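Participant: The structure is given below, and queries will be raised subsequently.
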Amino acid sequence: MRLRTWAALGLTPLLGLGAFCAWKTRAVARELIDPPFYRAQPLARVEGTYRELAQGQDGDPGGTWTSAEVEGLQLWRFARPTPSPGLVLLLHGFGDDRWGTSPALKWFPRLDAAIFTYRRRDDALRRGGPVPPVTFGALEAKEVVRMVHHLEATGLPRRRILLLGRSLGASVGLLALADLEREGRGPLAGIIWEGAPASSRSFAERLVRGPEDRLWHVLAPPIGATAARLAGRWGGYAPEATDLVQSLAGLRLATPSLCFLATQDRLAPPPVQRQLAAQFEHSRVVEVNTWHLHCAEVLGPGYTAAIRDSVQAWFPAGKDKGPAGP
């Protein structure tokens, strides 16, 4: 009896550790497919924001919104009041949607813009579900490719299409760009990206680690790997399809790049960002001592200046044409 008691006491820590790992794995997997901090805004608020953006302010000329159904998705286009040399396709991040990302069009006062919500999750949430899972870029990148093809079909060449993505939007943009360049139909005008998570597995591991290594950080690799597999099973995608290094392997990207690299980031590892940036033939890297999504705040006017310098290089002044021009 005493031996049995001691054996039970000895197993208690192991059982506790196993329970913690199982709980943490499911919690992280759930966060990967359904970000807990994302809530779709009421449609009235979205429409109000779009009206404000259309009016323009602080040097932004505003514009006119239109929308179209594209293969089950809703693409919103924003046309400037004067002919534009091209268009920026705004890609939203993790736990965001078209409403949260739409104000970024003010960084591009010369360009038309377009935006959509991956998998139409915002509409599904407003209806009360079922809500398509986030697939960490595996399926979202395919939607971006389809949108670029749609824009081309309307008469807008891909050399006049710019991608902007931050956080998961950066990963989605890079995955989509790899697929587009593999088509062999030429580069896009450019891509601006910040804080691209390396993969769903990498992101899951870093969620376990937290802002700083906790007592259980040694468990982060196995929990992260298991959580990524579980999220892939729930979301219907292969975790390997989210791996940026693997997906871009062997490519020398002709599309020019501007990368804001947050050197203190634990969710988008700086060494991976540098490795990805090195795969572009023409790449500018702006290193900022912060986490991603804070680069604009830390750089202030320098953030906008870097974007506008790149836009000026990719869309030289004097070459403005209507959106359907050659």
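Participant: Scan (1) surrounded by 19 or more Cβ atoms within 10 Å (Cβ to Cβ); (2) at positive phi for the single condition Gly250 breaks and write down its number.
Facilitator: For Gly250, the failing item is (1).
Participant: It is to be established whether one or more residues within segment 164-186 are of a type in the set (Asp, Glu), over 16 Å from Leu251 (Cβ atoms) and either without any contact (Cβ under 8 Å) to a residue 60 or more places away in the chain or crowded, with 24+ Cβ neighbours inside 10 Å (or both). Give the derivation first.
Facilitator: Pass one, segment 164-186, residues of a type in the set (Asp, Glu): 179, 181, 183.
Among the residues that remain, those that are also over 16 Å from Leu251 (Cβ atoms) are: none.
There is no residue in segment 164-186 that is of a type in the set (Asp, Glu), over 16 Å from Leu251 (Cβ atoms) and either without any contact (Cβ under 8 Å) to a residue 60 or more places away in the chain or crowded, with 24+ Cβ neighbours inside 10 Å (or both).
Participant: Let me ask something else. Looking at segment 187-206, which of its residues are touching a residue at least 40 places away in the same chain (Cβ under 8 Å) and not hydrophobic (A, V, I, L, M, F, W, C)?
Facilitator: Pro187, Gly190, Glu194, Gly195, Pro197, Ser199, Ser200, Arg201, Ser202, Arg206
Participant: Before we move on, is Arg80 in contact with a strand residue (DSSP E or B) (Cβ under 7 Å, 6 or more places away or on another chain) and either modelled with pLDDT of 95 or more or surrounded by fewer than 16 Cβ atoms within 10 Å (Cβ to Cβ) (or both)?
Facilitator: Details: in contact with a strand residue (DSSP E or B) (Cβ under 7 Å, 6 or more places away or on another chain): yes; either modelled with pLDDT of 95 or more or surrounded by fewer than 16 Cβ atoms within 10 Å (Cβ to Cβ) (or both): yes.
So Arg80 fits the description; yes.
Participant: In the set Glu152, Glu181, which member is charged (D, E, K, R) and touching a Pro at 6+ places or on another chain (Cβ under 9 Å)?
Facilitator: Details: Glu152 fails: touching a Pro at 6+ places or on another chain (Cβ under 9 Å).
Matching residue, one of Glu152, Glu181: Glu181.
Participant: Only one residue in Ala22, Ala40, Ala68 is in contact with a Lys or Arg (Cβ under 8 Å, 6 or more places away or on another chain), at pLDDT below 95 and surrounded by 11 or more Cβ atoms within 10 Å (Cβ to Cβ). Which one? Working first, answer last.
Facilitator: Values: Ala22 fails: in contact with a Lys or Arg (Cβ under 8 Å, 6 or more places away or on another chain); Ala68 fails: at pLDDT below 95.
After ruling out the rest, the residue left standing is Ala40.
Participant: Cβ contacts < 7 Å: first residue in contact (Cβ under 8 Å) with a residue 40 or more places away in the chain, restricted to segment 268-294; second residue of a type in the set (D, E, K, R) and in a strand (DSSP E or B), any location; separation 6+ or different chain. Result?
Facilitator: Sorted first by the residue in segment 268-294, then by its partner, the pairs are His292/Arg166; His292/Glu194; Leu293/Arg166.
Participant: Could you list, in sequence order, the residues of segment 119-131 that are under 24 Å from Ala268 (Cβ atoms) and either in contact with a Leu (Cβ under 8 Å, 6 or more places away or on another chain) or surrounded by fewer than 17 Cβ atoms within 10 Å (Cβ to Cβ) (or both)?
Facilitator: Arg119
The values are calculated or read from the model by the stated rules, or taken from the named source; none is laboratory data. Note that the structure is a prediction, hence the values are computed from the model and not measured. Cβ: placed from backbone, ideal geometry, glycine included. Neighbour counts: every protein chain shown.
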